[in-house]
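Presented below is the structure to which this report refers.
The values are calculated or read from the model by the stated rules, or taken from the named source; none is laboratory data. Everything quoted here is computed from the prediction, not taken from an experiment. For neighbour counting, all protein chains shown are included, and Cβ atoms are generated from backbone atoms with ideal geometry for every residue, glycine included.
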């Protein structure tokens, strides 16, 4: 598995050619952490690669500051068309109900630009990936 990016709160890897895994770590992100991650995302999306995304929130803290949520939402809004071109679909694993509600709130304000699903179990992730021809 290739690690593409890692900082104190997030790790981005490529377990397979057409799959990018975004794994949130236990540390709550600071504004600087989020800025660093978004700079990476700018470069990664500019590479032209297309992929499915698996966002693993199992270790994520229950709270992200409003400034971090705003940065993420702004990036998504500003890069909407690029995400549509590169990201073929996304699945978000949120076993924590609070994090599920936060994600739904973010997507209510700034809708995710491609097909996505929010699930609670790894089995649901594996089923979603398998339906897209990706072995877990």
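Of the numbered conditions (1) in contact (Cβ under 8 Å) with a residue 24 or more places away in the chain; (2) surrounded by 13 or more Cβ atoms within 10 Å (Cβ to Cβ); (3) on the phi < 0 side of the Ramachandran plot; (4) not in a loop (DSSP other than H, G, I, E, B), residue 113 fails exactly one; give the number of that condition.
(4) is the only condition that residue 113 fails.
What number of residues within the stretch 122-132 satisfy the criterion of being part of a loop (DSSP other than H, G, I, E, B) and within 16 Å of residue 21 (Cβ to Cβ)?
Filtering the stretch 122-132 for residues part of a loop (DSSP other than H, G, I, E, B) gives 131-132.
Next, from what is left, pick out any that are within 16 Å of residue 21 (Cβ to Cβ): 132.
Residues flagged as part of a loop (DSSP other than H, G, I, E, B) and within 16 Å of residue 21 (Cβ to Cβ) within the stretch 122-132 amount to 1.
Go through 32, 131, 105 for me and flag whichever is more than 23 Å from residue 4 (Cα to Cα), out of contact with any helix residue (DSSP H, G or I) (no Cβ under 9 Å at 6 or more places or on another chain) and either surrounded by 17 or more Cβ atoms within 10 Å (Cβ to Cβ) or free of Cβ contacts under 8 Å to residues at least 40 places away in the same chain (or both). Don't jump to the end; show me each part of the working.
On the way: 32 fails: more than 23 Å from residue 4 (Cα to Cα); 105 fails: out of contact with any helix residue (DSSP H, G or I) (no Cβ under 9 Å at 6 or more places or on another chain).
Within the list 32, 131, 105, the selection yields 131.
Has the stretch 67-85 got at least one residue that is part of a helix (DSSP H, G or I), free of Cβ contacts under 8 Å to residues at least 60 places away in the same chain, touching a strand residue (DSSP E or B) at 6+ places or on another chain (Cβ under 7 Å) and more than 20 Å from residue 3 (Cα to Cα)? Break it down into steps so the answer makes sense when it comes.
Applying the first criterion (part of a helix (DSSP H, G or I)) to the stretch 67-85 yields 67-78, 80-85.
After this cut, where a residue has to be free of Cβ contacts under 8 Å to residues at least 60 places away in the same chain as well, the list is 67-78, 80-85.
Then keep just the ones that are touching a strand residue (DSSP E or B) at 6+ places or on another chain (Cβ under 7 Å); that gives none.
No, the stretch 67-85 contains no residue that is part of a helix (DSSP H, G or I), free of Cβ contacts under 8 Å to residues at least 60 places away in the same chain, touching a strand residue (DSSP E or B) at 6+ places or on another chain (Cβ under 7 Å) and more than 20 Å from residue 3 (Cα to Cα).
Tally the residues that are farther than 24 Å from residue 128 by Cβ and crowded, with 16+ Cβ neighbours inside 10 Å, restricting the search to the stretch 1-27.
Our first condition is that a residue be farther than 24 Å from residue 128 by Cβ; within the stretch 1-27, this holds for 6-9, 26-27.
With crowded, with 16+ Cβ neighbours inside 10 Å added as a condition, the list becomes 7, 9.
Qualifying residue count for the region: 2.
Between 26, 49, which is at pLDDT below 95, more than 20 Å from residue 104 (Cβ to Cβ), touching a helix residue (DSSP H, G or I) at 6+ places or on another chain (Cβ under 8 Å) and part of a loop (DSSP other than H, G, I, E, B)?
49
Among the residues of the stretch 86-112, what is the count of those that are over 19 Å from residue 129 (Cα atoms) and modelled with pLDDT of 90 or more? If you could, list the steps in order and put the result at the bottom.
Taking the stretch 86-112 first, the residues over 19 Å from residue 129 (Cα atoms) are 96-111.
Now drop any that are not modelled with pLDDT of 90 or more, which leaves none.
Qualifying residue count, the stretch 86-112: 0.
Identify the residue in the stretch 77-87 that is closer than 15 Å to residue 111 by Cα and more than 11 Å from the chain's Cα centre (by Cα) and, among all such residues, is surrounded by the fewest Cβ atoms within 10 Å (Cβ to Cβ). Reasoning before the result, please.
Restricting attention to the stretch 77-87, the residues satisfying the condition of being closer than 15 Å to residue 111 by Cα are 77-84, 87.
Then keep just the ones that are more than 11 Å from the chain's Cα centre (by Cα); that gives 77-84.
On the way: 77: 12, 78: 13, 79: 19, 80: 15, 81: 9, 82: 14, 83: 18, 84: 11.
Here the answer is 81.
Considering only residues that are under 24 Å from residue 61 (Cβ atoms) and outside any strand (DSSP E or B), look in the stretch 2-21 and name the one that is modelled with the highest pLDDT. Walk me through how you get there before you give the answer.
Initial filter on the stretch 2-21 (under 24 Å from residue 61 (Cβ atoms)): 3-13, 15, 20-21.
Narrowing the set further to residues that are outside any strand (DSSP E or B) leaves 7-9.
Details: 7: 97, 8: 94, 9: 94.
Only one residue tops the list, namely 7.
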